[in-house]
Amino acid sequence: MANFFPRWSNWLPLKILVCGGVTVTALTAATWYYATPKYTRVGYEPIQPNPFPHDIHVQQLGMDCRYCHSFVDVAAHSNLPDTQTCMACHSQVQKDNPKLEPVRVSWKTGAPVEWVQIHRTPDFTYYNHAAHVNRGISCHSCHGQVNEMRVVHHDQPHSMAWCLDCHRHPENHLRPTDQVYNLDWKPGDVNPAEFVAKYGQPKDAKEDFSKKQKLTQQEIGQTLKERWNIQPPLNCQGCHR
Amino acid sequence: MKRVFEHPPEAATGKRYWRSVGELSDTPEFRQWLEREFPAGAAEMDGSEVSRRSFLKLMGASMALAGLGMSSCRRPENHLLPFSKGVEWNIPGKALYYATAMPRRTGALPLVVTTIDGRPIKVDGNPLHPASGGATDAFAQASILDLYDPARSKRFVREGKTTTREEFEKYLAEIRPQLGADGGSGLAFLVEEALSPTRDRLRGQLEKMFPRMRWAQYEPLLSEAQNFATQISFGDNSRLVPRLERADVVVSLGSDFLDCGEGDIASSRAWASRRRVGSAKDSMNRLYVVENRYTLTGAMADHRLRIPASQIPLCACARRQDRGRDQRRWPRCCDRHTSGPAERHEVRRAMAHRMRQRPRSEVGRQPHSFGPQQPVVVQLMTYAMNAALKNVGTTVLIREFPRNARTNSILQLASEINAGRIKQLFIIGGDPVYNAPRGLAEDRATKQSLNWIDLQKKVPDVIRVGYYEDETSKAAKWHIPAAHYLESWGDALTSEGGYVAIQPMIMPLFGGVSEIELLNGILGGPKLEGPELIQETFRSTAPPGDFNAAWSQLLRDGFATHVPARDKPPTFNSNAAGGVAHNLWSAPQNPTPDSPEIVLVRSYSVDDGRYINNGWLQEMPDPITKLTWDNAAVMSPQLAKHHKIETGDLIDITVTETMLDAQKNR
């Protein structure tokens, strides 16, 4: 009886196995990398109808975040400024700048400026801005160095894993509430003696923080976490209510 | 391979199973209905060119092709649209609450309205005000839907053509000097019933400016009877305010006072407060209801007597004879009905028994009747009973309500129009072409009876302010879109006389005009967007302390407490009332199966028809018949049997030349 299968088919199962393995691995790796918010969202930088340069307004003019995002500390939703807010200054400053045309049109017609949304929280996720900024989570933690952005882009992935990272270890992001809107704040800026006088230090701290030269983010965060009794929800319905 | 699922064949013997009562009885009607509802082969789409199978194939292919461009792989671009001008006090995503009131024909209902992002979304009662106590009724709840009704009137219309507000203002400025020249003798208003101090004030100014103008008020569901009877019995400017929380016995003669449809939530609450027994000392009240149909009040009654509506005067008469002393002046009517069926007798005895149990001087019994549909005689007799039982001043208060004596009825206005004296007629609200009584006047030449539409056509200039472009608007020269009460400034009195503010939640969505704005426009006052007119009225009530503080307080609470509700001395003019009752009395005919009585009643869901376009109210089942999106002629089974009518039949009812299509429900 002749050989039923040709000779070259001897290695075929092994080849299929290897190729299949490589393909599956590559696909998994590609999905892992390209199909997650880390890749799909971070860096998203749409063209806005009106190029609002955050760097000029914050760095050069020293405006606070809350001048425009005025309800961030009182409402769940952080608002965009209404045209009235823009025109408060731009009816006098740069009032003929062609880049501001959409704002002037909106002011004249009453139609809103159509800003392109960058950060989008899904409808099934409840997020409260006020609860975060009033407990020492800075704008910086989620939105990046907005004060240096000429054009705003998506800075952090805003994926669920990313949320949970912080909810599990809030000490990595907590800072004194008066520094929440200071996007240039560094843990090293804190005067340890003043900080300890105001907030104390963790119960099981091995050393006296006030005697230290500088405090780390973890030390500051741990102190504030205990001081304010911060227990971020880790159960599903904390956010998916 | 195609598999056909079928119900298992019925076993020839043994138990037979069925899926509905219809299937069990298996009548020819049911088979017919089954064939109509589920025609054989409907799922296959037999007979059409495209079969079901090929249709699905084509649809599937086009769906697949639509995905070729990978259009759904793009990140969707969303826009964020902030306000251009911020809304005051508004915080995005947070609710703002404003106190206001819903004007009603019998008095305003105090409300607290929730707004989000500057838009009203929910209506609740004002918990601070006793007329609401935090409660509302269905009409108030559903009124929010009317605000956003896409069918509401959105444009100014002149002779069928769209025009602008400026044009209308120009027109007003044109006619003002003409009107003033002859004291406004050609000017007339037809308005809805409303207790608005500012409207009254502006009307006073108009009457000063145009001393010969006419002002008529019309509500299809408020007959003049109650008002007339009250003025005769207790003097001018009076109105009855019940105090049901003080009443031990409540007798209702055809009055559905527990239905909150008239915005009278306080009455229901007061009555219910005496049904709650907290301790051994608490006593319950007792409710006797005499009515012709099942109402919410009848459903709550401890004793209910079912009699034809036309016989209620007899009952009133009998009750009065039980209690009244001055028999002579009052019509002696009716011992006849006491020998009626046993149940009537029983209820009557029960009533009489309860009344005798307590010493006469004790406070707290109240035979009362609010049924505005009841004739004057019933109203007068009820007042007489209340007076004889010394209820007036205890369980029934006589409250002073200013009422302009120059107010005409629609009938008087009709005769003026018929005489050709009216040149400019302002119809503010209402829908008289639809709901005015037939045959208001008689044409002099042809002797034909004229309906409102004929009369309206006789007036050269009819200016209509309406929430919808309806029949009345179509027959008018001008149509002006009306503002919703959530869009306009105003003030009002509650049914007990409390002063409440009406403040807008939002600018008029479609440029509507409120009644007050219009009157101000006719007066030639400056165009106002703010509350200036209301403030002026409020100032005249002399609020204590700083005016601005008092005004802010009014807007915050929604009502002012410094405006006193004055009660009149409880004196009943028995002579006048008895005389009128005597003259008006005529023994009612007993209805027979061949000439039954027809009672037209208010709908629990669409009121007098004004909420006909409100889906929420239409969707609300009638509390008694459970009908939705429908109405029915309700009749007794015996009458139906006599006329061989079955539930669900369509019948024509002819009432003196008026045809009503009514689906009848037994």
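Brief remarks on what is shown
- Checking every residue in the stretch B:427-434 against the condition of being more than 16 Å from B:Q217 (Cα to Cα), touching a helix residue (DSSP H, G or I) at 6+ places or on another chain (Cβ under 7 Å) and in contact (Cβ under 8 Å) with a residue 12 or more places away in the chain gives zero matches.
- Test: residue in the stretch B:594-601 that is assigned to a helix (DSSP H, G or I), surrounded by 15 or more Cβ atoms within 10 Å (Cβ to Cβ) and in contact with a Pro (Cβ under 9 Å, 6 or more places away or on another chain): no
- Elements of type strands (runs of 3 or more DSSP E) contained in the stretch B:75-141, each with 2 or more residues being small (G, A, S) and more than 14 Å from chain A (Cβ to nearest Cβ): B:95-102
- Residue count for the stretch B:438-459, restricted to those that are out of contact with any Phe, Trp or Tyr (no Cβ under 8 Å at 6 or more places or on another chain) and either in a loop (DSSP other than H, G, I, E, B) or aromatic (F, W, Y) (or both): 11
- Residue in the stretch A:148-167 that is surrounded by 13 or more Cβ atoms within 10 Å (Cβ to Cβ) and in contact with a strand residue (DSSP E or B) (Cβ under 7 Å, 6 or more places away or on another chain) present: no
- Note on the stretch A:81-124: among residues that are among the basic types (K, R) and within 12 Å of chain B (Cβ to nearest Cβ), the one that is surrounded by the most Cβ atoms within 10 Å (Cβ to Cβ) is A:R104.
- Residues satisfying the stated conditions in the stretch A:1-56, i.e. in contact with a strand residue (DSSP E or B) (Cβ under 8 Å, 6 or more places away or on another chain) and among the hydroxyl-bearing types (S, T, Y): none
- If the condition is being over 47 Å from the mean Cα position of the chain (by Cα) and at pLDDT below 85, then the stretch B:56-88 contributes B:A66, B:G67, B:L68, B:G69, B:M70, B:S71, B:S72, B:C73, B:R74, B:R75, B:P76.
- Condition check for B:F257: surrounded by 23 or more Cβ atoms within 10 Å (Cβ to Cβ) and modelled with pLDDT of 85 or more: no
- Summed over the stretch B:245-270, the residues that are farther than 18 Å from B:P127 by Cα and in a helix (DSSP H, G or I) give a count of 4.
- Test: residue in the stretch B:224-233 that is of a type in the set (G, A, S) and at pLDDT below 85: yes
- Top-ranked residue in the stretch A:216-241 [being assigned to a helix (DSSP H, G or I) and of a type in the set (S, T, N, Q); ranked as nearest to the chain's Cα centre (by Cα)]: A:Q217
- Any chance B:A476 is outside any strand (DSSP E or B) and of a type outside the set (D, E, K, R): yes
- Residues in the stretch A:150-165 that are touching a helix residue (DSSP H, G or I) at 6+ places or on another chain (Cβ under 7 Å) and not basic (K, R): A:V152, A:D155, A:Q156, A:P157, A:H158, A:S159.
- Of the criteria (1) exposed (fewer than 11 other Cβ atoms within 10 Å of the Cβ); (2) over 29 Å from A:V152 (Cβ atoms), which one A:L12 fails: (1)
- Residue check for B:T571: under 30 Å from B:P402 (Cα atoms) and at pLDDT 80 or above: yes
- Pair list, Cβ under 7 Å, 6 or more apart: the stretch A:196-210 residue on the phi > 0 side of the Ramachandran plot, other residue of a type in the set (V, I, T): A:G200/A:T223
- Residue in the stretch A:125-137 that is within 14 Å of another protein chain (Cβ to nearest Cβ), out of contact with any Cys (no Cβ under 9 Å at 6 or more places or on another chain), part of a loop (DSSP other than H, G, I, E, B) and farther than 30 Å from A:N229 by Cα present: no
- Identity of the residue in the stretch B:513-572, among the charged types (D, E, K, R) and in contact (Cβ under 8 Å) with a residue 60 or more places away in the chain, that ends up surrounded by the fewest Cβ atoms within 10 Å (Cβ to Cβ): B:K527
- Subset of the stretch A:46-64 that is in a loop (DSSP other than H, G, I, E, B) and loosely packed, with under 14 Cβ neighbours inside 10 Å - its residue that is nearest to the other protein chains (Cβ to nearest Cβ): A:I47
- Filter result (facing chain B (nearest Cβ under 7 Å) and closer than 17 Å to A:V152 by Cβ) within the stretch A:65-80: A:N79, A:L80
- Qualifying residue in the stretch A:145-155 (condition: touching a residue at least 60 places away in the same chain (Cβ under 8 Å) and more than 16 Å from the chain's Cα centre (by Cα)): yes
Yes/no matrix, rows are residues, columns are (1) at pLDDT 85 or above; (2) over 30 Å from B:G579 (Cβ atoms); (3) part of a loop (DSSP other than H, G, I, E, B):
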position: B:G184; (1), (2), (3): yes, yes, yes
position: B:G204; (1), (2), (3): yes, yes, no
position: B:E207; (1), (2), (3): yes, yes, no
position: B:A216; (1), (2), (3): yes, no, no
position: B:L222; (1), (2), (3): no, no, yes
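The values are calculated or read from the model by the stated rules, or taken from the named source; none is laboratory data. All figures in this text were calculated on a predicted structure; none of them were measured in a lab. Backbone-built Cβ (ideal geometry, glycine too); neighbour counts: all protein chains shown.
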